[in-house]
Amino acid sequence: MSAAIQALAMARLQVVDGTPEDKARVAAWDRLFAMLNVLDSKTSALLRFNAIVVAALAYLVVVSGADPFAQSKPVIKTIGFAVGHISLLLSVVSCGCAFPVINLARGFFDEAPGLDDGVIARLGALVGQRTRLYAWAWRLAVAGGLGFALLVALATIH
């Protein structure tokens, strides 16, 4: 079924043909999609942050030939190495949790146009799943960013 047919069926439910229950389903649909839009926007910003942190950490930890801890004690070198690699891993895993959040939502309607409780339930489950993924992506990004800040502080102090 095309998106135009789906949109027209929902508009008819809301404006002309719909019962109060149908109108409530359309309102629920709109609210759930608004939540997906917010998650998409937040995830986009989070991925930009992760891109900066991953690029900086990859340069410092993997690519760069300069050792920021060359003049430091061996314990500081070991801590810096561990913090850098762990932070890089956390930031990359954060991206892995974030990418499914911005995935295109498909498959809510069956062959026939209309909006029933099953469609709303599937969309609600998707919102819940993506909210959990975003929460994990955010936590991991914060941990990776803090690790990067710690790495910079270690390199600056020592």
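Read the figures in this text as sums done on the coordinates, not as results from a lab. Worth saying up front: this structure is predicted, and the values here are computed from it rather than measured. Note: ideal-geometry Cβ built from the backbone for every residue, glycine included; neighbour counts use all protein chains shown.
Quick notes
- Net length gained if the chain between ALA82 and ARG12 were fully extended (0.36 nm per residue, minus Cα distance): 19.3 nm
- Counting charges near ALA137 (Lys, Arg +1; Asp, Glu -1) among other residues having Cβ under 12 Å from its Cβ returns a value of +4.
- A cut-off under 15 angstrom between Cβ atoms defines the neighbours of SER41, and their net charge, with Lys, Arg +1 and Asp, Glu -1, is +2.
- For a straight C-alpha distance cut-off of 22 angstrom, no lysines are reachable from LYS23 once same-chain residues fewer than eight places away are disregarded.
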